[in-house]
1. Among the candidates ARG17, ARG72, ARG42, single out the residue that is out of contact with any helix residue (DSSP H, G or I) (no Cβ under 9 Å at 6 or more places or on another chain) and under 30 Å from LEU114 (Cβ atoms).
2. In the list LYS34, LYS8, LYS30, which residue meets the criterion of being of a type in the set (D, E, K, R), assigned to a loop (DSSP other than H, G, I, E, B) and exposed (fewer than 10 other Cβ atoms within 10 Å of the Cβ)?
3. Of the residues GLU89, GLU85, GLU118, which single one is surrounded by fewer than 21 Cβ atoms within 10 Å (Cβ to Cβ) and in a helix (DSSP H, G or I)?
4. Please go through the stretch 37-82 and pick out each residue that is aromatic (Phe, Trp, Tyr) and surrounded by fewer than 10 Cβ atoms within 10 Å (Cβ to Cβ).
5. Might you check whether a residue that is at negative phi, at pLDDT 95 or above and assigned to a loop (DSSP other than H, G, I, E, B) occurs anywhere in the stretch 37-46?
6. Of all residues in the stretch 55-85 being among the polar types (S, T, N, Q) and over 21 Å from the mean Cα position of the chain (by Cα), which is farthest from ALA96 (Cα to Cα)?
7. Given the criterion assigned to a loop (DSSP other than H, G, I, E, B) and crowded, with 16+ Cβ neighbours inside 10 Å, identify the matching residue among ILE103, ILE145, ILE138.
8. Answer yes if at least one residue in the stretch 62-78 is of a type outside the set (A, V, I, L, M, F, W, C) and outside any loop (DSSP other than H, G, I, E, B), and no otherwise.
Amino acid sequence: MIELHTLKKAPGSRKNRKRIGRGPASGTGKTSGKGHKGGQARSGYHRKFGFEGGQNPLHRRLPKRGFNHEKRWPMAVVNLDTLEELFEEGAEVTSANLVARGIAQDFSGGVKLLARGELKKKLTVKVQAVSAGARAKIEAAGGTIEISSANAQPSVAEAQAS
């Protein structure tokens with residue numbers, strides 16, 4: 001019968017810790033496995049991430065790649081089927097509304113509307129970009145579109161206050 005007082009550790013599951021600096025017979029005496037002098041032999045040593053012993057590190061040996069355009073900003077994407085579900089007839093849909101409701105992320109480029117799904121409600125849409133298909137579907141439903149610049153976009157806090 002197994003009871004708490006009869007339990008034993010599995011053989012080999014526990015190792016004794018290495019006792020360093022306990023004389024030459026131990027095998028880890030004198031320098032305690034740290035070699036002679038230098039930062040790594042001293043307490044408090046911390047190697048920088050990517051440090052390769054003074055050799056030029058990999059991140060500096062490899063060439064730079066790519067290019068970041070100063071006027072290109074990431075945009076959150078919202079589809080028409082989402083607007084159809086979440087907004088009522090005649091509502092004003094702005095990028096700040098979408099971000100405040102958690103439908104779109106707050107990206108520096110604003111919100112782009114795409115054409116997935118159908119739209120049967122008349123909506124007033126004020127976002128930073130609209131695809132051609134989405135524009136056609138909104139106008140076919142009797143709605144209007146106003147394109148605003150990403151920089152003129154009100155903050156999420158302002159949208160929640162109104």
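The values are calculated or read from the model by the stated rules, or taken from the named source; none is laboratory data. Just so it is clear, the structure is predicted and the values come from calculations on it, not from any experiment. So basically every Cβ, Gly included, is an ideal-geometry build from the backbone, and we count neighbours across all protein chains shown.
1. ARG72
2. The conditions single out LYS8.
3. Step by step, each of GLU89, GLU85, GLU118 is checked, and only GLU85 is surrounded by fewer than 21 Cβ atoms within 10 Å (Cβ to Cβ) and in a helix (DSSP H, G or I).
4. If the condition is that a residue be aromatic (Phe, Trp, Tyr) and surrounded by fewer than 10 Cβ atoms within 10 Å (Cβ to Cβ), then PHE49, PHE67 are the ones that fit.
5. No, the stretch 37-46 contains no residue that is at negative phi, at pLDDT 95 or above and assigned to a loop (DSSP other than H, G, I, E, B).
6. GLN55
7. The match here is ILE103.
8. no
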